[in-house]
Each structure stands twice: as C-alpha cells, then as structure tokens.
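The structure appears right after this line, and notes come after that.
The values are calculated or read from the model by the stated rules, or taken from the named source; none is laboratory data. All of these numbers come straight from a predicted model, not from anything done at the bench. Cβ placement follows ideal geometry from the backbone for every residue including glycine, while neighbour counts extend to all protein chains displayed.
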2 protein chains.
Amino acid sequence: MDRRLTARGLERRRQLMDYSARLFARNGYDPTSVAEIVDGMNVGKGVFYWYFESKEALLLEILADSQRSLRRLQQSYIENEADPVRRIELGIRATMDWVGQNRHLWGLFRFAASEERFAPYLRRGQQTAVSDVVRHINEAITQGRVRQTDPSVLAHAILGVTNQLSGTFLVEQDGRPSEVADAAVDFCLDGLLGARLPV
Amino acid sequence: MDRRLTARGLERRRQLMDYSARLFARNGYDPTSVAEIVDGMNVGKGVFYWYFESKEALLLEILADSQRSLRRLQQSYIENEADPVRRIELGIRATMDWVGQNRHLWGLFRFAASEERFAPYLRRGQQTAVSDVVRHINEAITQGRVRQTDPSVLAHAILGVTNQLSGTFLVEQDGRPSEVADAAVDFCLDGLLGARLPV
DNA sequence: GGGTGAGTTGACCGGGCGGTCAAGATCTCC
DNA sequence: GGAGATCTTGACCGCCCGGTCAACTCACCC
C-alpha cells in the first residue's frame with residue numbers, strides 16, 4: 001500500500017483500526033464484514049481500501065501494533081531494574097496494566113492465536129516475550145534463587161498464568177490490574193505450597 | 001434433530017464429527033465450508049444436513065463431546081485419591097494425557113473460546129473444572145498445606161499453566177504428556193522460588 | 001417381492017461476502 | 001485560480017456460502 005498520508009489521513013486510518021478492532025473483538029473477525037465497518041463509520045467502502053490492502057492486512061496491522069505497544073510498556077517497566085526476579089514481576093505487572101487498558105483486544109489475540117493464518121505472526125511476538133523472560137530466569141538460576149529447570153518451560157508457565165488470570169479477572173470480571181498482578185506474581189514465585197518468608 | 005439412527009448411521013455421524021473437527025482445527029471454523037467437508041468425505045451435501053441441524057450445531061456437539069470425554073478422564077484419574085494436593089496433580093496429569101491424545105482439538109477449543117457465539121458453552125465447562133479444583137484447594141487450605149488465598153484465583157492459575165504448557169509443548173512441539181505434566185505440577189506446587197523438601 | 005423408513009444425491013437458491021473502479025470532492029501550494 | 005495529489009463515494013462484480021429439497025437407493029422385515 002505504502003501511500004503518502006496527510007495528518008488527516010493518518011487520523012482516519014487510526015480511527016478505522018480502532019473501530020475495526022472493536023468490531024472484530026466483539027463479533028469475531030470472519031463474521032465482521034467490511035461493509036459493517038464502513039457503515040458503522042459512515043464512510044464509503046472505498047475509504048477502507050484506500051487505507052488498507054485487505055481485511056486480512058488490517059488485522060495483521062492491528063496485531064503488530066498491539067504487540068509493539070505491549071512490549072514497549074513492558075520494557076519501560078523493567079529498564080533500570082537490576083534484580084532478575086523483580087524484572088519478571090515487573091513484566092507481569094506491565095502486562096496486566098496493558099491488558100487493563102486494552103481489554104477489547106484480548107479476544108482478538110485469542111482468535112488470532114487459534115487460526116493458522118494468523119498464529120505465526122503472534123508466535124514471533126510470543127517468542128520474544130519468552131526469550132526475555134528466559135534471560136531473567138537464567139540470571140536468577142545463576143544466582144541460585146531459582147531451582148534448576150528448563151527456563152523456557154518456566155517462562156511459558158509464567159505466560160500461561162498471566163494470560164489466564166488477565167483473561168478471567170481483568171477482561172471477564174473487570175478487576176483491577178494491580179490486584180490481579182499481585183495474585184499472578186505470588187503464584188508464579190511460590191506456587192501453591194511455597195511459604196517464602198516476607199522480604 | 002433427534003433422528004432415529006441405525007448403527008450404520010451413528011458410525012457415519014461419528015466420522016463426520018471427527019473429520020469436521022480436523023478440518024475446523026486445521027483451517028479454522030468459518031473458512032471451512034460444508035462443501036469442503038462433504039467433498040472430503042465423498043458424500044453429498046444432504047448427508048451433512050441429515051445428521052446435523054447446521055454447521056454451528058455440529059461444532060457445539062464436537063465441543064460438548066470433547067469436554068465430556070476430558071472430564072470423564074479427569075474423574076477416572078482422581079477417584080479414590082484422598083489427598084487433595086495429589087488430586088490436583090492427577091487432574092493436571094489427566095488433562096495432559098487427554099490433550100496428548102486429542103492434539104487436533106486444541107486449536108478448536110482456542111477458537112471457540114475466542115468467539116462470543118461459542119464461548120458461553122465452553123465457559124460452563126471451565127466453570128466446572130474450576131470448581132472441581134477449588135474444592136481440592138479448599139481442602140488443602142483447611143489442612144494448612146496451602147496458604148490462604150482466593151482459591152478460584154489459584155484454580156485459574158493452575159488451569160493457565162496447564163493450558164499454556166500443553167499448547168506449547170504437546171501440541172506445537174509434540175512432547176510427551178508425562179514430562180510436560182511433571183513440569184506443570186512442579187511449577188504449580190512450588191512456583192519459581194519454592195524449595196519444597198523431597199517427600 | 002413389495003413396502004417402509006433410513007440414508008443419499010446434487011442441482012439449486014437467496015444472499016452476503018471481499019474487493020474494484022470510474023467519477024467526483026476536497027485539500028494544498030504556487 | 002488552477003493543477004495535482006489526497007481522499008471519498010457507492011454501484012457493481014464474481015464468487016461461494018449455508019441451507020433446501022424432490023427424487024432416488026438401499027437394507028431389512030413381513
């Protein structure tokens with residue numbers, strides 16, 4: 001596409017992406033027609049295809065955009081933190097805060113992860129997330145603070161807890177990110193049985 | 001539909017469900033057309049609508065069937081086990097074994113969970129799973145073996161770990177259920193930092 | 001061997017889909 | 001004020017979708 005867009009054009013583009021993302025998330029990607037999108041925004045169909053190659057390309061852009069913004073938030077939380085375990089904690093907190101502010105995107109990610117045509121794009125993002133966490137875990141293992149286990153397994157487990165708790169308690173039950181983050185951090189650090197002494 | 005089916009009819013029905021489930025899982029539910037299904041099975045389109053009300057009804061039956069079989073397996077693992085913590089462990093192991101034998105259904109569940117038109121049916125199943133686990137956790141808390149925390153949060157965290165690890169290491173990486181289950185159990189019981197003494 | 005109901009066929013239907021495009025409106029800058 | 005780029009319109013296209021149905025075959029029983 002690579003069109004030269006004016007400021008006004010860029011704004012319109014943003015609006016289309018936001019509105020589409022909401023429709024996709026509410027009613028599903030396939031069931032949402034391009035006609036619905038442009039009707040809902042009171043523009044002609046041509047507008048859509050002026051800004052996007054196709055419906056599929058639009059979804060991919062929405063996903064890429066979201067992943068970028070999530071990663072940016074995570075890194076802003078983590079920078080300057082020396083303790084690897086605390087970096088993991090901050091990563092979880094960043095994720096919860098991001099989900100709290102982008103609840104409508106949650107279902108869209110789930111959908112994309114479930115379809116072979118979109119999953120590969122998400123997997124790349126997940127892989128970066130995993131290797132970020134793996135790095136912290138390795139450091140913590142070196143310090144003797146985490147038992148010797150396959151770090152990528154631990155990283156995936158942490159992601160799983162974060163995913164599930166954010167989905168259930170933030171998106172479905174509209175909870176507060178900081179509280180859900182507390183719970184996720186506790187579980188990830190100590191599991192069910194752990195009885196870590198208070199710091 | 002409630003048609004009277006002969007043994008032959010029931011068999012055909014099973015074949016249709018299995019084949020459709022595989023196509024849905026591979027290519028997505030919406031993108032898979034009824035024509036594809038019946039062509040792939042070398043039957044006329046009428047066969048499909050002889051056995052199922054609609055494409056949507058078929059998916060719901062596949063999901064209900066799967067949930068039933070998963071729950072049945074979990075209960076068979078758990079029955080007669082008195083220790084609540086060990087019941088949780090056995091539930092995880094049952095889930096991993098089930099996923100190991102039904103890898104193709106994994107993506108289908110993810111999809112269904114992501115769409116508002118199907119999610120409610122899955123949520124009921126997940127709710128039963130959660131309350132099963134909650135019951136064990138409450139018992140363990142009473143015994144003073146699990147720290148006092150909202151049990152439903154812990155239950156969801158366990159489900160999250162199980163989901164993520166089965167998806168990544170069983171479905172994507174084709175791992176062995178028992179090993180993945182070991183990892184999930186360890187993480188759920190001890191978290192990252194826990195250093196439980198060997199039994 | 002004929003009758004009955006289970007099972008099967010595939011042409012057909014209405015409709016909605018993603019995407020196109022010729023035409024026109026609007027903005028920007030000289 | 002006009003030239004050229006940006007932006008917008010909506011009728012239109014070909015396609016394929018989920019679903020229907022009248023006609024047919026087959027298995028089985030009396």
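Of note:
- Condition check for A:Ala157: at pLDDT 95 or above, away from chain B (no Cβ under 11 Å), crowded, with 19+ Cβ neighbours inside 10 Å and assigned to a helix (DSSP H, G or I): no
- Pair list, Cβ under 9 Å, 6 or more apart: segment A:36-65 residue within 14 Å of another protein chain (Cβ to nearest Cβ), other residue within 13 Å of DNA strand D (Cβ to nearest atom): A:Lys55/A:Ser33; A:Lys55/A:Val34; A:Lys55/A:Ile37; A:Lys55/A:Phe48
- In segment B:15-29, the residues that are free of Cβ contacts under 8 Å to residues at least 24 places away in the same chain form Cβ pairs under 9 Å with partners that are β-branched (Val, Ile, Thr) and not in a helix (DSSP H, G or I), at six or more places apart or across chains, as follows: B:Leu23/B:Thr32.
- Across segment A:22-38, a minimum of one residue is classified as outside the structural domain of A:Glu172 (by TED's automatic domain parsing) and within 9 Å of DNA strand D (Cβ to nearest atom).
- Segment B:176-191, residues that are small (Gly, Ala, Ser) and at the interface with chain A (Cβ under 10 Å from one of its Cβ atoms): B:Ala183, B:Ala184, B:Gly191
- For segment B:143-151, the count of residues that are over 18 Å from B:Ala181 (Cα atoms), modelled with pLDDT of 95 or more and surrounded by 20 or more Cβ atoms within 10 Å (Cβ to Cβ) is nonzero.
- Scanning segment B:23-35 for residues that are surrounded by 15 or more Cβ atoms within 10 Å (Cβ to Cβ) and more than 14 Å from chain A (Cβ to nearest Cβ) yields one hit, B:Val34.
- Lone qualifier among A:Thr95, A:Thr128, A:Thr149 - being of a type in the set (Ser, Thr, Tyr) and within 12 Å of another protein chain (Cβ to nearest Cβ): A:Thr149
- Consider segment B:1-22 and keep the residues that are of a type in the set (Gly, Ala, Ser) and near DNA strand C (Cβ under 9 Å from one of its atoms). The one that is farthest from the other protein chains (Cβ to nearest Cβ) is B:Ala7.
- Scanning segment A:145-154 for residues that are assigned to a helix (DSSP H, G or I) and not aliphatic (A, V, I, L, M) returns A:Pro151, A:Ser152.
Residue-wise test of (1) away from DNA strand C (no atom under 12 Å from the Cβ); (2) at pLDDT 95 or above.
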site: A:Val34; (1), (2): no, yes
site: A:Asp39; (1), (2): no, yes
site: A:Tyr51; (1), (2): no, yes
site: A:Glu56; (1), (2): no, yes
site: A:Asn80; (1), (2): yes, no
site: A:Ala94; (1), (2): yes, yes
